[in-house]
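S.K.: Sending over a structure as structure tokens; questions will come in a sec.
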Amino acid sequence: MIETLNDERLMEQLASGKKMAAGILYDRNYKKVFGYFVRMTKDSDVSRDLTQNVFLKILKYSHSWKPDKVFAYWLFRIARNELVDYYRGSKKFFAVEEDRELVIKDSNDSGKEMEIKESYDILIEAMGQLQPGDRELIELNRFQGFSYKEIAGTISSNENAVKVKTFRAIQKLKEIYSKILIE
């Protein structure tokens, strides 16, 4: 019965002490959070650690959950804060990693699969050349599916600014992608 609840209801369950809800939230959201970290850090091991930290914080701070919140925004706010803390502590810069498993599923046509892999490799290389803020906007909007309003709430900005910045980031990405194709 608990498996059929949406994430917000599962958080209510977790906040009331039902720890089984945490496992379901983890199973539902692990790949999204891990993918976010992989694309932002270029390090699978660090991404695993950061992902684990996010879910530990969800457990630790479940009592602070407010039922009027959307779980996905809360989750990615925690993930973003975890990433910022990681970079503050390590003095590293955002990077991107090739993790084809996150994008490429089973494909019977090896020629098509090679094209997809090559396009993805170019996309990842181009993403790696963007500024961290631009990369994050594209990550949240295109990879995670957040709306501009949702991103604005996640990064403490306003919707119009996010819309303009995301558009410009995508334009930059297109330019970089095209240059890589030509080379």
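The values are calculated or read from the model by the stated rules, or taken from the named source; none is laboratory data. These numbers come from a predicted model, not from an experiment. Neighbour counts run over all protein chains shown; Cβ positions are idealised from the backbone, glycine included. SASA here: full protein model, heavy atoms, side chains in, ligands and nucleic acids out. Shrake-Rupley method; radii C 1.70, N 1.55, O 1.52, S 1.80 Å.
S.K.: Search the stretch 63-90 for residues that are within 20 Å of Ser16 (Cα to Cα) and pair each with any residue that is among the acidic types (Asp, Glu) and open to solvent by less than 50 Å² (accessible area, probe 1.4 Å) when their beta-carbon atoms are under 6 Å apart and the residues are at least 6 apart or on different chains.
M.R.: Note: pairs meeting the criteria are Phe71/Asp7; Phe71/Glu8.
S.K.: Could we say that Met40 is of a type in the set (A, V, I, L, M), within 30 Å of Gly128 (Cβ to Cβ) and modelled with pLDDT under 90 here?
M.R.: Yes; evaluated as a whole, the condition is true for this residue.
S.K.: Where in the stretch 107-183 are the helices (runs of 4 or more DSSP H), entirely inside, with at least 2 residues that are modelled with pLDDT of 80 or more and surrounded by fewer than 16 Cβ atoms within 10 Å (Cβ to Cβ)?
M.R.: 132-138, 159-182
S.K.: Exactly one of these conditions fails for Val84: (1) surrounded by fewer than 17 Cβ atoms within 10 Å (Cβ to Cβ); (2) among the β-branched types (Val, Ile, Thr); (3) at pLDDT below 80. Give me its number.
M.R.: (3)
S.K.: Does Lys18 satisfy being open to solvent by 20 Å² or more (accessible area, probe 1.4 Å) and outside any helix (DSSP H, G or I)?
M.R.: yes
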